[in-house]
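Notes for the one structure printed next.
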């Protein structure tokens with residue numbers, strides 16, 4: 001008998017972590033993500049595992065976003081030494097994300113300890129080191145899509161393209177217990193159909209247990225055409241107000257996609273004379289990784305790309321400027337009008353975007369453009385919800401900027417696509433809804449029942465099921 005315990009992303013979106021226990025495979029973590037929101041140092045210092053990391057035999061990683069991978073260095077620090085199964089592209093991106101997160105954490109920790117020293121409080125010890133990040137990468141074992149890998153004598157693992165970000169995977173595990181075969185399918189983060197720079201999610205049709213995400217379980221996205229019209233309109237109106245545009249973006253996926261869409265507007269002559277800045281060393285490095293995969297784009301995407309764009313996303317948008325150094329980032333603040341600033345983090349929990357907020361969020365001619373999901377507890381969510389005063393770096397700022405959300409650029413499947421994907425399984429599996437806020441999962445559960453007669457379960461944090 002296999003048992004799954006939900007240690008994260010149960011009725012919430014961040015901190016994805018599920019413990020699978022089975023005689024066929026041992027004790028395996030599906031994901032090991034950090035909970036996003038709040039101060040970075042406090043977040044890491046307060047994170048704990050409700051299991052012994054040394055007892056975990058392996059980790060299976062669907063993709064590299066930090067809410068799915070960010071706790072791996074702490075897992076290693078506390079005794080984990082088994083393999084981390086992922087795709088080849090995920091391994092390449094994982095190093096970039098974890099090194100960046102580690103650098104930010106240790107710099108913030110240094111500043112916090114300086115404050116503690118001034119006030120006579122004891123210093124905090126780092127919860128992990130750069131060596132732990134290096135060890136995570138050494139433990140990665142990669143497999144291509146659609147190739148069954150024997151992970152134990154009684155368990156096989158197959159990755160399928162999830163269409164979410166580069167390297168993202170749907171996880172299929174086949175367990176053989178006492179002559180009986182059990183198939184578990186975990187959607188990871190499921191991408192939406194017809195997304196640029198991504199293939200459509202793979203369609204599977206067999207599972208005993210299906211764990212499916214429901215980030216957007218309560219709604220569908222706007223069409224891409226409508227979203228592009230909205231983007232063009234918002235940009236032009238901000239241009240007419242002599243303003244600037246701030247775009248918080250995840251370094252993996254969202255940054256590359258918004259560059260692509262801005263490039264499309266530029267190539268069609270529909271983009272005003274904006275200066276576009278990618279102000280994120282991590283996003284710049286990730287974009288270079290994406291460039292190596294551009295030749296795999298499907299015909300729809302390639303048709304839009306120029307010859308230079310097929311070699312580099314930066315070549316597709318000639319007005320794009322890459323800002324690696326902090327000096328280049330600070331120089332953007334001298335620009336009075338006509339700057340589109342793409343910076344991390346995507347939920348405004350850290351990174352350079354907060355520094356740009358300090359200089360521009362209180363200006364009425366600034367537009368703050370959200371292109372990705374904002375989880376509860378994050379600064380991004382509070383701004384989307386209409387908060388008018390925020391604190392940054394110890395000071396209070398009035399939010400006068402125009403706030404806009406472009407839902408059509410989401411990297412997640414909407415409600416209709418989730419239901420269509422689940423309906424492909426025959427016979428209907430036991431269906432577990434995860435990785436979504438409670439109201440979104442409940443709406444999805446109800447819709448699955450009324451439209452398809454599919455029953456589903458919504459586990460709570462710490463809940464266990466057997467199958």
Within region 34-42, identify whether any single residue is surrounded by fewer than 22 Cβ atoms within 10 Å (Cβ to Cβ), free of Cβ contacts under 8 Å to residues at least 24 places away in the same chain and closer than 25 Å to residue 373 by Cα, and answer yes or no.
yes
Take region 102-127 and flag every residue that is under 29 Å from residue 249 (Cβ atoms) and in contact (Cβ under 8 Å) with a residue 60 or more places away in the chain.
104, 105, 108, 109, 112, 127
Suppose the filter is farther than 29 Å from residue 374 by Cβ, assigned to a strand (DSSP E or B) and at pLDDT 95 or above; does residue 210 pass it?
no
Hey, among the residues in region 423-441 that are exposed (fewer than 15 other Cβ atoms within 10 Å of the Cβ) and in contact (Cβ under 8 Å) with a residue 60 or more places away in the chain, which one's farthest from residue 20 (Cα to Cα)?
439
Of the residues that make up region 10-33, is at least one surrounded by 17 or more Cβ atoms within 10 Å (Cβ to Cβ) and assigned to a helix (DSSP H, G or I)?
no
Checked against (1) touching a residue at least 12 places away in the same chain (Cβ under 8 Å); (2) not in a strand (DSSP E or B), residue 48 satisfies every condition except (1)
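Tally time: how many residues in region 164-186 are at negative phi and either over 14 Å from the mean Cα position of the chain (by Cα) or in a strand (DSSP E or B) (or both)? If you could, list the steps in order and put the result at the bottom.
Step one: list which residues in region 164-186 are at negative phi, which gives 164-166, 168-177, 180-186.
Narrowing further to those that are either over 14 Å from the mean Cα position of the chain (by Cα) or in a strand (DSSP E or B) (or both): 169-177, 180-186.
Number of matching residues: 16.
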Could you tell me whether residue 231 is in a helix (DSSP H, G or I) and modelled with pLDDT of 95 or more?
yes
What are the residues in region 354-399 that are within 13 Å of residue 244 (Cα to Cα) and part of a loop (DSSP other than H, G, I, E, B), if any?
361, 362, 363, 364, 365
Any idea which of (1) in contact (Cβ under 8 Å) with a residue 40 or more places away in the chain; (2) over 16 Å from the mean Cα position of the chain (by Cα) is the one residue 28 doesn't satisfy?
(1)
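State whether one or more residues within region 31-38 are in contact with a strand residue (DSSP E or B) (Cβ under 8 Å, 6 or more places away or on another chain), over 27 Å from residue 378 (Cβ atoms), modelled with pLDDT under 95 and not assigned by TED's automatic domain parsing to the domain that holds residue 282.
Looking only at region 31-38, we keep the residues that are in contact with a strand residue (DSSP E or B) (Cβ under 8 Å, 6 or more places away or on another chain), and these are 31-33, 35.
Now narrow it down to the ones that are over 27 Å from residue 378 (Cβ atoms): none.
No, region 31-38 has no match at all.
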How about region 57-69: which of its residues are at pLDDT 95 or above and part of a loop (DSSP other than H, G, I, E, B)?
57, 61, 62, 63, 64
Which members of region 205-221 meet the condition of being within 30 Å of residue 261 (Cβ to Cβ) and crowded, with 18+ Cβ neighbours inside 10 Å?
212, 213, 214, 215, 216, 217, 218, 221
Output yes when any residue across region 115-131 is assigned by TED's automatic domain parsing to the domain that holds residue 168, in contact with a helix residue (DSSP H, G or I) (Cβ under 8 Å, 6 or more places away or on another chain), under 30 Å from residue 153 (Cα atoms) and buried (at least 22 other Cβ atoms within 10 Å of the Cβ), and no when none is.
no
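On the given criteria, is residue 196 in contact (Cβ under 8 Å) with a residue 60 or more places away in the chain, within 18 Å of residue 264 (Cβ to Cβ) and not assigned by TED's automatic domain parsing to the domain that holds residue 160?
When the stated conditions are applied, residue 196 does not pass them.
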How many residues does region 185-197 contain that are buried (at least 20 other Cβ atoms within 10 Å of the Cβ) and over 21 Å from residue 217 (Cα atoms)?
1
Among 444, 368, which is outside the structural domain of residue 254 (by TED's automatic domain parsing), buried (at least 17 other Cβ atoms within 10 Å of the Cβ) and closer than 27 Å to residue 222 by Cβ?
444
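Could you check region 331-353 and list, in sequence order, the residues that are touching a residue at least 24 places away in the same chain (Cβ under 8 Å) and assigned to a helix (DSSP H, G or I)? Walk me through how you get there before you give the answer.
Initially, region 331-353 is screened for residues touching a residue at least 24 places away in the same chain (Cβ under 8 Å), giving 332-333, 335-353.
If the condition is that a residue be touching a residue at least 24 places away in the same chain (Cβ under 8 Å) and assigned to a helix (DSSP H, G or I), then 332, 333, 353 are the ones that fit.
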When region 391-403 is examined, which residues are found to be in contact with a strand residue (DSSP E or B) (Cβ under 9 Å, 6 or more places away or on another chain) and surrounded by fewer than 19 Cβ atoms within 10 Å (Cβ to Cβ)?
391, 396, 397, 398, 399, 400, 402, 403
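The values are calculated or read from the model by the stated rules, or taken from the named source; none is laboratory data. This one's a predicted model, so the numbers in the text were calculated from it and none came from an experiment. Backbone-built Cβ (ideal geometry, glycine too); neighbour counts: all protein chains shown.
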